[in-house]
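Worksheet: one structure, shown below.
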Protein chains: 2
Amino acid sequence: MSETARPAIVLVRPQLGENIGKAARAMLNFGLTEMRLVAQRDVWPNPSAGPAAAGADIVLDQAKVFDTTAQAVADCQHVYATTVRKRGVTKPVVGADGAAQLIHAEPGRHAILFGPERSGLETEDVALARHILSVPINPEFGSLNLAQAVILVAYEWSRLGRESVTSALVQPTAQEETLPPAAQDELDGLIGHLERLLEPRGYFLPQTRAAATRRTLRSVLTKPGWTHLEVRTLRGILSTLERDRHPKD
Amino acid sequence: MSETARPAIVLVRPQLGENIGKAARAMLNFGLTEMRLVAQRDVWPNPSAGPAAAGADIVLDQAKVFDTTAQAVADCQHVYATTVRKRGVTKPVVGADGAAQLIHAEPGRHAILFGPERSGLETEDVALARHILSVPINPEFGSLNLAQAVILVAYEWSRLGRESVTSALVQPTAQEETLPPAAQDELDGLIGHLERLLEPRGYFLPQTRAAATRRTLRSVLTKPGWTHLEVRTLRGILSTLERDRHPKD
C-alpha cells in the first residue's frame, strides 16, 4: 500500500493529553501512524499521552504540531471534517466507510480532521474540507468520544484496504482449518453404522414410515459437512455406544 | 428492525466496572441495548460503571447477570466468540462486518462473547460458539481494548443494518429454509444427553484427556447449527440408543 493511501489524522485543538494518547493507540491498531496536532491545549510532548497510548509511542513521537488547521493540511489533496452534527453544510457527507473508499480510490494525500473533545470542529475548520465525515449514530444517544471516532475511521480504512485485495467478507478459515467435508462414502459409513444400531431397537418402526425416517436421518447428518476427522470421531462415539453399559456384568 | 436482529453483547468475566460502563456507551451509540454479564469480578451494580457509561444508563440498568457463559447464551441460536488470537480454531472466522451480515441475515437470537480485559475468552467459552469473531488488526500492534472491540461490532451492525435496506449483501435463503438453529440450551441438552450415554462406557477415559474429548464432542455437534426439529430428531435417536438391544431378553 502506498504511503499516500494512509490518511493523516489531524486532532484540532485537543484538550487532554490522555485523549491524544488514546487516539494514537486507536490509529496504530489499524496501521495508521501519521498524527498531526493543531494548537493542542497543553504543552507537547504531553506527559499524559504516553501511558494512554499503551505502546503506540511511535505515533506520538512522530506527531507534528501546527499552529493552524490550514497549515496542518497544507500538503493534503483531500480533507475530511469529522462532525456529528450536520448544521447547514453544503458539502458532500460521507460515512467512515465512504471516506475509506475515497482514500483508497483517489490519488493524493488525505487528512481527516477531528475537533476538540467537547465542542467539535469550528466552522473555519470545516470550511477547509471537501467532505464532511459523519458516522451515523443513535439519534437518541450520540456520545462518541475522540478515540472512538478515530478508531472507526482507522478500522474502515484498514477494512476496505484489505477488501480491495480479497472481496470476501466472510473469510474462509486458514489453510489448516479448511479441511474439506468427508467423502460421501465416509458419510455413508457413518449413517449405515447408526442405522445398524437403531434398527434392532425399533427406531424405524412403523415400517410405513421407515423410508421417510431414513431420509430425515440422512438429511440431519449431511447438513454439517463434517470432515474426515469429525466423521472418525463420530464413528468412535457409535462404537462406544455399541458397548454394553457395564462390561463386567 | 426486529428485536431478534439486535445482538446481545455478553461480557464474560469483566474485571473493571469502568470498562463495563464504556462498553455500554459504545453499544448505545449504535443502538444496541442488551448487555449480559457473566461472573463479573466485582459487585453488581458497580459504582464505577455509571460514570463511564456517560449517559448510557439504560443499558446498565437492563443488564442481566449470569453465573456461566452457557447460561448467558442459553436462549441464543447464534453465538460468536470474539478473539484476537486464532489458536488452532476449527470454527469459521468472521470479521465484525461478516458477523454483522450474519446477524442481519440469519433468523434467531445472536450473542457476541467478549472475554476479560487482559486474558480474553477461555477455551470453554469459545467452544460454545459457532463462529469466531476476529477483527484483523495491525500484526505489530494489537491493542484493542474491550470498549473498542464492542464499538467496532456495534458500528458494523448499525452500518450493515442501514445498508441492507438499500442493497442486500447476503441473499436470504428461501422462507422454508430459514428455520433458525436451535437455541443454545437445546444444543446443551443434546450434548449432555450424549455425554450421559458415553460416560459409563468409558468414552471420556483416560481422565487426563476428558476435557479435550468433551470439547471435541461439543465442537463437532455445534458445527451443524441444527434446528429445533433436527435436535429433537437427534434426541429421539439417543433415547432409542439408550434402550436395550433386545428388550425381551
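The values are calculated or read from the model by the stated rules, or taken from the named source; none is laboratory data. All values derive from a computational prediction rather than experimental measurement. Virtual Cβ from ideal backbone geometry, glycine too; neighbours counted across all protein chains shown. Just so you know, the surface numbers come from the protein's heavy atoms only, side chains and all, with ligands and any DNA or RNA stripped out. Shrake-Rupley method; radii C 1.70, N 1.55, O 1.52, S 1.80 Å.
Taking the stretch B:204-230 and a reference point 7 angstrom along Cα→Cβ of residue A:219, the backbone N atoms nearer than 15 Å belong to B:226-230. How far, in degrees from 0 to 90, does helix A:184-198 lean away from the longest principal axis of the Cα atoms of chain A, to the nearest 10? The angle comes out near 50 degrees.
The largest accessible area among A:219, B:134 belongs to the first residue in A:219, B:134, and the rest follow in falling order (1.4 Å probe, all chains). Averaged over the residues of peptide A:210-217, the number of Cβ atoms from other protein chains lying within 10 Å of each residue's Cβ is 1. Put a dot 7 Å past the Cα of residue A:106, heading toward its Cβ, do the same for residue B:75, and the two dots end up 4.7 nm apart. Relative to the dominant Cα principal axis of chain A, helix A:146-163 is inclined by about 60°.
The alpha-carbon of residue A:64 sits under 19 angstrom from the alpha-carbons of these aspartates and glutamates, leaving out residues fewer than 8 places away in its chain: A:3, A:18, A:34, A:42, A:75, A:125. Placing B:240, B:68 in order of accessible area, with the largest value first and a 1.4 Å probe, yields B:68, B:240. With a ≥ b ≥ c the root eigenvalues of the C-alpha gyration tensor of the stretch A:3-167, is it rounded (a/c under 1.5), prolate (a/b larger than b/c) or oblate? Verdict is rounded for the stretch A:3-167. For residue A:39 and residue B:84, a Förster radius of 41 Å and the Cβ-Cβ distance give a FRET efficiency of 0.70, rounded to the nearest 0.05. Computed with a 1.4 Å probe over protein heavy atoms only, the accessible area of residue A:214 comes to about 70 Å².
Across B:152, B:197, B:37, mean-square fluctuation computed from a Gaussian network of chain B (C-alpha pairs under 10 Å connected) peaks at B:197. To the nearest ten degrees, helix A:228-242 and the longest principal axis of the Cα atoms of chain A are 40 degrees apart.
FRET efficiency for the residue A:210 to residue B:209 pair, using the beta carbon distance and R₀ = 35 Å, is estimated at 0.35. Using a/c under 1.5 as the rounded threshold, could you call the protein assembly as shown rounded, prolate or oblate? The axes a ≥ b ≥ c are square roots of the C-alpha gyration tensor eigenvalues, and prolate needs a/b larger than b/c, oblate otherwise. Verdict is prolate for the protein assembly as shown. When B:226, A:44 are compared by accessible area of protein heavy atoms, the largest-first order is A:44, B:226, using a 1.4 Å probe.
The heavy atoms of residue A:228 offer some 90 square angstrom of accessible surface to a 1.4 angstrom probe.
A probe of 1.4 angstrom, applied to the heavy atoms of all protein chains, finds residue B:18 with accessible area near 80 square angstrom.
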